Amino acid sequence: MNSVKDIWAEIMNILSAELTPTALQTWFSECKPVEWDDNRLIICAKNEFTQGIIINRFSGILKSALHDLFSCDCELSVLAGEDEMTEYLEGKSSKNDDRLPEMAGYTFDRFIVGNSNKFAYAAAKAVAEHPGGQDYNPLFIYGNSGLGKTHLLYAIGQSIDERDHNKRIAYVKGDDFTNRLVNSLQARKMKEFREEFRNVDLLLVDDIQFIAGKESTQEEFFHTFNSIYEAGHQIVITSDRPPLEMSLLDDRLRTRFEGGVMADIQPPDYETRMVIIRNKASQLGLLLSDEAVEYIANNITANIRQLEGVIKKLTAYKEILNEIITTESVKRAIEDVIRTGTDIPTPGKIIKETARYYSIKEDEIKGLSRSKAISEARQVAMYLMRSLTNLSLKDIGEQFDNRNHTTVLSSIRKIEDMIKTDQTMTAKIRDISSNINSI
């Protein structure tokens, strides 16, 4: 059993005993085996929607089948559609690393340009064509979640990488930079850390807002920034807000960020939304009437991710329920997506983002430690739960080792008092709230 086709045939035999014929036909009939590479099976699903179903619903049974065949743990990768498979195969021969993780499909030609983003797009293209030029260094792209910042960041990286694979490229998220810095300090591997991020031709940083307020991280990033910039190499940064609105950002970093090109992305206008809807529907093989497209464009106005969510929901109606797409279908899909998109944040999300902001562990916030930093983080998390959710004091206390409601109330009032007189605390609450709402 040497070829990937043989492996896939055996897996299908195993799955036929576990799944119904309808499930096999619906999700795997048009699935293609692509490659078997070092205990990793790469397959290609019909489209992005089917890819999501296979990953979320069937990855466990597929990995179990692989384990049955090879008696070891194996990995699974699922591509979406012919274009992504072609990109993978074409890039396989020239790429031998994972400097640009999970970026397939995020190219300039797939970015829908409109009045709301044309400057950011033009600036990104300019950087991709002439990286390191002083006029566009750094490039700082900012805007609300779901508008395409990361798409442009990835497109720059892929474009430069395709033109010259010898370019040294580093990609990192703001919170990952902090985590890796802490790990490197603990492991006494700061030399390796600095070599990875400073000796590059292109540094891509996503969601830089997460380093604001973290003194050691900002200090390290300041020197990283200077090393790359002074060497004449390119830096591209994204954020959910401009540097001026990051109240806890180090002034030295704010000055450097504002010293390059600032490009904001606004919600797409009506015409751009129409194009995005038709483009996404085409990618998923979904035909929508002009009436349906117009209805979606008129009712989803702020977020590209929500537009795509509606299209995926309609695809599910068609493929799973065998439903004919009508105006009622579109209304129901929009209601589902908007309701999901405006969910009240969970206590877990609030604890996670508060812990990330304070650079401590979630268990420490929920635990009994009385250290000053952890106590403040715990009080802030309680205050945010009271402000952002409908939880009672008793419910909030249960999230923190079953503390009684009087302790919770005391913590909330303490933060409320601090907000009235302490601008730093006000800024912390604003930044953490923004992080919670942007995830």
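Annotation for segment 395-404: at least one member residue is more than 24 Å from the chain's Cα centre (by Cα) and aromatic (Phe, Trp, Tyr). Considering only residues that are charged (D, E, K, R), in a helix (DSSP H, G or I) and open to solvent by 30 Å² or more (accessible area, probe 1.4 Å), which ones fall in segment 204-229? The answer is 215, 219. The single residue among 201, 161, 207 that is at positive phi and among the acidic types (Asp, Glu) turns out to be 207. In contact with a His (Cβ under 8 Å, 6 or more places away or on another chain), open to solvent by less than 50 Å² (accessible area, probe 1.4 Å) and farther than 29 Å from residue 215 by Cβ: does that describe residue 392? Here the answer is yes, as residue 392 does meet what is asked. Pairs meeting the criteria (first residue in segment 48-69 and within 14 Å of residue 27 (Cβ to Cβ) and modelled with pLDDT under 90, second residue open to solvent by less than 50 Å² (accessible area, probe 1.4 Å) and hydroxyl-bearing (Ser, Thr, Tyr), beta carbons under 7 Å, at least 6 apart or on different chains) are 49/315.
Yes/no per residue for (1) open to solvent by 70 Å² or more (accessible area, probe 1.4 Å); (2) farther than 30 Å from residue 279 by Cα:
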{"site": "16", "(1), (2)": "no, yes"}
{"site": "19", "(1), (2)": "no, yes"}
{"site": "27", "(1), (2)": "no, no"}
{"site": "41", "(1), (2)": "no, no"}
{"site": "46", "(1), (2)": "yes, no"}
{"site": "51", "(1), (2)": "no, no"}
{"site": "56", "(1), (2)": "yes, no"}
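Each residue in segment 347-370 was checked for being polar (S, T, N, Q) and either open to solvent by 40 Å² or more (accessible area, probe 1.4 Å) or not in a helix (DSSP H, G or I) (or both), and 2 pass. Cβ-Cβ distances below 7 Å connect the following pairs, each with a first residue in segment 253-272 that is under 12 Å from residue 236 (Cα atoms), a second residue that is open to solvent by 50 Å² or more (accessible area, probe 1.4 Å) and not in a loop (DSSP other than H, G, I, E, B), and a separation of six or more residues or different chains: 260/136; 261/136; 263/119.
Yes or no, residue by residue, for (1) assigned to a helix (DSSP H, G or I); (2) of a type in the set (Asp, Glu); (3) modelled with pLDDT of 90 or more:
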position: 128; (1), (2), (3): yes, no, yes
position: 135; (1), (2), (3): yes, yes, no
position: 146; (1), (2), (3): no, no, no
position: 152; (1), (2), (3): yes, no, yes
position: 155; (1), (2), (3): yes, no, yes
position: 176; (1), (2), (3): yes, yes, no
position: 194; (1), (2), (3): yes, no, yes
position: 197; (1), (2), (3): yes, no, yes
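Taking the conditions exactly as written (modelled with pLDDT under 85 and either of a type in the set (A, V, I, L, M) or farther than 17 Å from residue 247 by Cβ (or both)), does residue 392 satisfy them or not? Here the answer is yes, as residue 392 does meet what is asked. One residue stands out among those in segment 165-174 that are open to solvent by less than 90 Å² (accessible area, probe 1.4 Å) and modelled with pLDDT of 85 or more: the one that is nearest to the chain's Cα centre (by Cα), which is 173.
Scanning segment 115-140 for residues that are without any contact (Cβ under 8 Å) to a residue 40 or more places away in the chain and more than 19 Å from residue 256 (Cα to Cα) gives 118, 121, 122, 125, 126, 128, 129, 130.
The values are calculated or read from the model by the stated rules, or taken from the named source; none is laboratory data. No experiment lies behind these values; they were computed from the predicted model shown. Cβ atoms come from the backbone with ideal geometry, glycine included; neighbour counts cover every protein chain shown. In case anyone asks, the SASA skips ligands and DNA or RNA and just uses the protein heavy atoms, side chains included. Shrake-Rupley method; radii C 1.70, N 1.55, O 1.52, S 1.80 Å.
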